[in-house]
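Q: Here it is, the structure in full.
The values are calculated or read from the model by the stated rules, or taken from the named source; none is laboratory data. Not measured: the values here are computed from a predicted model. Glycine also receives a Cβ, built like all others from the backbone with ideal geometry; neighbour counts cover every protein chain displayed. For accessibility, only protein heavy atoms count, side chains too; no ligands or nucleic acids. Shrake-Rupley method; radii C 1.70, N 1.55, O 1.52, S 1.80 Å.
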Amino acid sequence: MKLAEKMQDCKLSGRKGLIIYITAGYPDYSTTLQAVKAVEAAGADLVEIGLPFSDPMADGPIIQKAAAQALAAGATVNKTLKLVEQLTKETKIPLAIMTYYNIVLQYGIDKFAADFAKAGISGLILPDLPIEESAVVEPACQQAGIDLIRFIAPTTTPERLKPICSQASGFIYCISNTGVTGVRQIDYSQLAPLLADVRKETTVPLAIGFGIGSPEAACQAAKHADAVIVGSAVVDRLAKQGVAAVQEFTSTLRQALDKGVQG
């Protein structure tokens with residue numbers, strides 16, 4: 001199933017989507033493969049595969065460190081491509097690549113989209129690609145059948161909101177706060193007015209990310225969106241406790257979200 005179908009299925013069924021971020025090649029590719037399989041088994045709906053970049057400006061300390069260590073251990077675009085091919089054979093969970101524009105540009109925009117789509121990716125997330133410059137990537141994604149995921153933030157103006165919503169597909173990545181990724185205390189109710197404005201412009205599912213580090217936080221965020229994105233808390237557990245801890249954490253997130261919907 002593709003990313004867009006999965007997100008719409010969650011939205012229509014009233015089930016809150018759970019999106020898990022995992023850095024490719026951290027601490028190695030074998031562990032990445034096992035971690036993706038583990039979160040799928042635990043009830044995740046989508047996995048963002050982080051393609052390591054040397055200057056990950058949107059990422060906080062935990063994911064920055066993971067990317068740096070993955071690169072030092074030999075992580076590359078081609079190795080990540082092979083990982084995606086393997087995951088497509090061994091899992092059914094939709095996959096998205098999250099990386100930075102320079103990597104896509106250096107690889108070749110059309111080739112990147114075509115190669116990763118063939119490998120099994122159905123979404124591309126580029127935090128440093130503003131709406132004004134997205135026309136350089138959008139045609140390649142459309143040609144390859146990949147959703148180019150759009151971002152909104154608390155600082156997004158009404159003028160920019162309309163074009164973002166009109167071009168959105170798959171899901172809209174709703175940044176919960178100004179700053180980088182990482183677990184922190186956030187009042188997600190502050191996002192409610194912005195998300196209400198977004199819903200007036202599009203029916204594309206909304207996913208809140210940045211800062212979600214516990215089942216309680218996931219439930220608070222899910223009250224205002226169709227899905228939640230959890231990254232730093234997962235990568236931290238993978239580093240300190242291994243794949244089994246990531247699976248258990250994902251399972252607690254899934255159970256909390258399901259209970260929150262029923263409650």
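Q: Can you run phi through the Karplus equation (6.51, -1.76, 1.60; θ = phi - 60°) for region 234-244 and list ³J(HN,Hα) in whole Hz, with x for Gly and Pro?
A: Once θ is set to phi - 60°, the couplings for region 234-244 become 6, 4, 4, 5, 4, 5, 8, 10, x, 4, 4 Hz.
Q: Determine the sum of side-chain charges near D197: Lys and Arg each +1, Asp and Glu each -1, restricted to other residues whose C-beta is under 15 angstrom from that of D197.
A: Taking every other residue near D197 into account, the sum is +3.
Q: While we're on this one: Dipole of the chain, Cα-centred, from +1 at each Lys and Arg C-beta and -1 at each Asp and Glu C-beta, to the nearest 20 debye?
A: With only Lys, Arg, Asp and Glu charged at Cβ, the dipole is about 500 debye.
Q: From the protein chains alone at 1.4 Å, what is the descending order of accessible area for V36, V243, largest first?
A: From most exposed to least exposed: V243, V36.
Q: Filter K37/K240; K11/K111; K37/K118; K200/K259; K65/K240 down to the pairs with a C-alpha to C-alpha distance above 22 Å, please.
A: Beyond 22 Å: K11/K111; K200/K259.
Q: Considering Cα pairs under 8 angstrom that are at least six residues apart, work out the relative contact order of the chain and quote it in whole percent.
A: Relative contact order here is 24 percent.
Q: What order, most packed first, do the peptides 157-163, 133-139 have when packing is the mean number of other Cβ atoms within 10 Å of each residue?
A: In descending order of packing, they fall as 133-139, 157-163.
Q: Still on this structure, I have one more. Find out how many positive minus negative residues lie around V234, taking Lys and Arg as positive, Asp and Glu as negative, among other residues whose Cβ is under 15 Å from that of V234.
A: Residues close to V234 contribute a combined charge of -1.
Q: Using packing as a proxy for protection, rank 226-232, 125-131, 195-201 so that the peptide with the highest average count of other Cβ atoms within 10 Å comes first.
A: 226-232, 125-131, 195-201
Q: With equal scatterers on the alpha carbons only and no solvent term, can you work out the Debye log10 of I(q)/I(0) for region 1-110 at 0.09, 0.10, 0.15 1/Å?
A: After summing over all Cα pairs, the log10 values are -0.24, -0.29, -0.65.
Q: With a 1.4 Å probe and every protein chain left in place, work out the accessible area per residue of the chain in Å², rounded to a whole number.
A: 43
Q: For region 84-168, what % of the accessible area comes from carbon and sulfur atoms, probe 1.4 Å?
A: Accessible surface attributable to carbon and sulfur in region 84-168 totals 52 percent.
Q: Determine ³J(HN,Hα), in whole Hz, for all residues of region 157-164 in sequence, where each value follows from phi through the Karplus function 6.51 cos²θ - 1.76 cosθ + 1.60 and θ = phi - 60°; x replaces Gly and Pro.
A: 7, x, 5, 7, 4, 4, x, 4
Q: Starting with the highest mean, order 100-106, 22-28 by the number of other Cβ atoms within 10 Å, averaged over the residues of each peptide.
A: In decreasing order of mean packing, 100-106, 22-28 become 22-28, 100-106.
Q: Under a 5 Å amide H to amide H cut-off, with H placed in plane at 1.01 Å, what residues pair with Y21 once short-range neighbours are removed?
A: Counting only residues 5 or more places away or on other chains, the set is E48, V230, G231.
Q: Quick one: putting +1 on the C-beta of Lys and Arg, -1 on the C-beta of Asp and Glu, what dipole do you get for region 219-258 around its Cα centre, in Debye to the nearest 20?
A: I would put it at about 80 debye.
Q: In sequence order, what are the phi-derived ³J(HN,Hα) couplings for region 88-97 according to the Karplus relation 6.51 cos²θ - 1.76 cosθ + 1.60 with θ = phi - 60°, rounded to whole Hz, with x for glycine and proline?
A: Each residue of region 88-97 in turn: 5, 6, 9, 9, 10, 5, x, 10, 10, 9 Hz.
Q: Let me ask something additional. Counting other Cβ atoms within 10 Å, which trypsin sites (Lys or Arg not before Pro) in region 36-115 have at most 14 and lie in a DSSP loop?
A: Of the trypsin sites (Lys or Arg not before Pro), the ones in loops of region 36-115 whose Cβ has at most 14 other Cβ atoms within 10 Å are K92.
Q: If amide H atoms are built 1.01 Å from N in the plane of the peptide, which residues on other chains or at least 5 residues away come under 5 Å of the amide H of I172?
A: L206, A207
Q: Right, something else. Find which of P205, Q64, P163 sits farthest along the positive direction of the dipole of the chain, computed with +1 on the beta-carbon of Lys and Arg, -1 on that of Asp and Glu, about the Cα centre.
A: P205
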